[in-house]
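Novice: Handing you a structure now.
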Amino acid sequence: LKCFLVEFTSWQNSAYKYGGIAISCGLFKISETDESVAYLIDRAVDAKKEAKKNKADTTVVLFDTTLMNALDRERSIVGSMVNALKKHEFKAFLQPKVSVKTGMVVGAEALVRWIKADNTVIYPDQFIELFERNGFITRVDYAVLDTILDYLTDAISKKEPVVPVSVNFSRRHHDNEDFAKQLYERISEANIPPELIEAEITESSFMGDINRLANNIDYFRERGVKVSIDDFGSGYSSLNMLIDVNVDTIKLDRFFMKNLEDKPGADIIVKHIIKMLKDMGFEVLIEGVETKEQLDMLKGTECDVIQGYYYSKPMPIPEFRKYIAEFKV
Ligand code: C2E
Ligand code: CA
Ligand code: CA
């Protein structure tokens, strides 16, 4: 079947130059005869939805136990997410950002963890993609922001040292016209200086309405909220987008660091990208720095800030409070 579909689409695509047709096909093998027709069709549709995730190529997916387990898991997550939010099970962890020049902690990134009542921890790779699809991510992002605002309020009142904290805002927020206003309102209602909050916007947001995105970014920056582009270089954007948007910081995706280990020439790319971004006036942060060798290599560049396991993994907020109070260069 797949051969036939591939042959059909390539024939169509060569006949119609701008066609770009791809077929998504789902199959379900009938073994129990007592299932209803509706059930059988639903399973084939589940398989087709899975096939559709690969938009670019003609894909055939057979509904099997792996897919069944994945869908069961998704349904269980969807079934418990609203309650989990109510019960404050989405917690923000903080990972320090360290200045290359001074070795001081100059910021932190808030990363969500789902901590269930029995203390099992669910990591973002298990639910972010699903929440992006069903839209729930926007509520999780606001829950993370609220936790950070509460933390900063408490720390400031106790005269503890604080650093700007960046919060991830999914591209789904930009579907909402009032996003920028709503976010700013939350910060000002909490009475937190806007300079202490940074909005991380993933590179993939640039696939949507670029005008709205650029307006939102300007709205934040005019009011003192910093903005960074996350996962830069991970594949969605063109370099030209750097001309269209005005952000403070570019966060280079951690694959740049990963490539350094095993791909000769990767260091040339890293060095030149950093140089280019600095010449354009951005602050540059590199993610995923794990070793002393990587740090030393970056010290020879103009990279401003690093974030990675070399300094620390993301940690619960109480631990982070101790970490910055005791941090020594
Ligand atoms: P991200 O925003 O690129 O976050 C950095 C990820 O890299 C984090 O994974 C962090 O734990 C991990 N990381 C940091 N340093 C190192 C390192 O040295 N080596 C390696 N191998 N990994 C490192 P995490 O926390 O699992 O988050 C994964 C992704 O989930 C995030 O990638 C972000 O896209 C998403 N995410 C996490 N929290 C939130 C959130 O509150 N809202 C939204 N919208 N997305 C979030
Ligand atoms: Ca991020
Ligand atoms: Ca990132």
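The values are calculated or read from the model by the stated rules, or taken from the named source; none is laboratory data. The structure displayed is predicted, hence computed values, not measured ones. FYI the Cβ positions are ideal-geometry reconstructions off the backbone, even for glycines, and counts take in every protein chain you see.
Novice: Ala117: among the aliphatic types (A, V, I, L, M) and part of a strand (DSSP E or B), yes or no?
Specialist: no
Novice: Any residue in the stretch 273-301 that's closer than 24 Å to Asp262 by Cα: show its pairings with residues that are within 16 Å of ligand 2 (Cβ to nearest atom) and acidic (Asp, Glu) at Cβ separation under 8 Å, as long as the two are six or more apart or on different chains.
Specialist: Glu287/Asp253; Gly288/Asp253
Novice: Filter the stretch 222-276 down to residues that are of a type in the set (Ser, Thr, Tyr) and either away from ligand 3 (no atom under 16 Å from the Cβ) or modelled with pLDDT of 90 or more (or both) and give me whichever is surrounded by the fewest Cβ atoms within 10 Å (Cβ to Cβ).
Specialist: Applying the filter and picking the extreme gives Ser238.
Novice: All but one of (1) more than 16 Å from ligand 1 (Cβ to nearest atom); (2) modelled with pLDDT of 95 or more; (3) of a type outside the set (A, V, I, L, M) hold for Lys101, so report the exception by its number.
Specialist: It is condition (2) that Lys101 fails.
So that you can scan it fast, the table gives a plain yes or no per residue for (1) away from ligand 3 (no atom under 16 Å from the Cβ); (2) in contact with a Phe, Trp or Tyr (Cβ under 9 Å, 6 or more places away or on another chain); (3) among the basic types (Lys, Arg); (4) at pLDDT 95 or above:
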| residue | (1), (2), (3), (4) |
| --- | --- |
| Ala108 | no, yes, no, yes |
| Val121 | yes, yes, no, yes |
| Pro124 | no, yes, no, yes |
| Arg133 | yes, no, yes, no |
| Phe136 | yes, yes, no, yes |
| Leu145 | yes, yes, no, yes |
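Novice: Among (1) farther than 26 Å from Asn211 by Cβ; (2) more than 20 Å from the chain's Cα centre (by Cα); (3) surrounded by fewer than 20 Cβ atoms within 10 Å (Cβ to Cβ), where does Asp178 come up short?
Specialist: (1)
Novice: Got at least one residue in the stretch 121-131 being more than 16 Å from ligand 2 (Cβ to nearest atom), without any contact (Cβ under 8 Å) to a residue 60 or more places away in the chain and exposed (fewer than 15 other Cβ atoms within 10 Å of the Cβ)?
Specialist: Yes, that holds for at least one residue.
Novice: So Val167 passes all but one of these: (1) assigned to a helix (DSSP H, G or I); (2) within 14 Å of ligand 2 (Cβ to nearest atom); (3) among the hydrophobic types (A, V, I, L, M, F, W, C). Which condition number does it fail?
Specialist: The failed condition is (1).
Novice: Another question, if that's okay. Filter the stretch 84-107 down to residues that are among the β-branched types (Val, Ile, Thr) and part of a strand (DSSP E or B) and give me whichever is surrounded by the fewest Cβ atoms within 10 Å (Cβ to Cβ).
Specialist: So, considering only residues that are among the β-branched types (Val, Ile, Thr) and part of a strand (DSSP E or B), the one surrounded by the fewest Cβ atoms within 10 Å (Cβ to Cβ) is Val106.
Novice: If you don't mind, another one. So, of the residues in the stretch 133-164 that are small (Gly, Ala, Ser) and on the phi < 0 side of the Ramachandran plot, which turns out to be nearest to ligand 2 (Cβ to nearest atom)?
Specialist: Ranking the candidates gives Ala143 first.
Novice: Also, I was wondering about something else. Identify the single condition in (1) under 30 Å from Tyr310 (Cβ atoms); (2) more than 24 Å from the chain's Cα centre (by Cα); (3) not aliphatic (A, V, I, L, M) that Lys97 does not satisfy, given that it satisfies every other one.
Specialist: (2)
Novice: Condition first: touching a helix residue (DSSP H, G or I) at 6+ places or on another chain (Cβ under 9 Å), in a loop (DSSP other than H, G, I, E, B) and surrounded by 12 or more Cβ atoms within 10 Å (Cβ to Cβ). Can you find one or more residues in the stretch 45-58 that meet it?
Specialist: yes
Novice: Residues to consider are Phe206, Phe256; find the one that is under 23 Å from Asp141 (Cβ atoms), free of Cβ contacts under 8 Å to residues at least 40 places away in the same chain and within 16 Å of ligand 2 (Cβ to nearest atom).
Specialist: That would be Phe206, the only listed residue that is under 23 Å from Asp141 (Cβ atoms), free of Cβ contacts under 8 Å to residues at least 40 places away in the same chain and within 16 Å of ligand 2 (Cβ to nearest atom).
Novice: Select from the stretch 213-235 the residues that are in contact with a helix residue (DSSP H, G or I) (Cβ under 7 Å, 6 or more places away or on another chain) and over 25 Å from Asp178 (Cα atoms) and list them in ascending order.
Specialist: Answer for the stretch 213-235, where residues must be in contact with a helix residue (DSSP H, G or I) (Cβ under 7 Å, 6 or more places away or on another chain) and over 25 Å from Asp178 (Cα atoms): Phe232, Gly233, Ser234.
Novice: In contact with a strand residue (DSSP E or B) (Cβ under 8 Å, 6 or more places away or on another chain) and not basic (Lys, Arg): does that describe Tyr310?
Specialist: In short, no.
Novice: Which pairs have Cβ atoms under 6 Å, sit 6 or more apart or on different chains, and link a residue in the stretch 305-317 that is part of a strand (DSSP E or B) to one that is small (Gly, Ala, Ser) and at pLDDT 95 or above?
Specialist: Listed by first residue and then by second, the contacts come to Val305/Ser99.
Novice: What pairs come out if I take residues in the stretch 157-173 that are over 17 Å from Leu213 (Cβ atoms) and acidic (Asp, Glu) and pair them with residues that are surrounded by fewer than 21 Cβ atoms within 10 Å (Cβ to Cβ) and modelled with pLDDT under 95 whose C-beta lies under 7 Å away, six or more apart or interchain?
Specialist: Close Cβ pairs (under 7 Å, with a partner that is surrounded by fewer than 21 Cβ atoms within 10 Å (Cβ to Cβ) and modelled with pLDDT under 95) amount to Glu160/Ala325.
Novice: Tell me yes or no: at least one residue of the stretch 192-201 is in a helix (DSSP H, G or I), within 13 Å of ligand 1 (Cβ to nearest atom) and either at pLDDT below 95 or not basic (Lys, Arg) (or both).
Specialist: Checked against the condition, which is being in a helix (DSSP H, G or I), within 13 Å of ligand 1 (Cβ to nearest atom) and either at pLDDT below 95 or not basic (Lys, Arg) (or both), the stretch 192-201 yields no hits at all.
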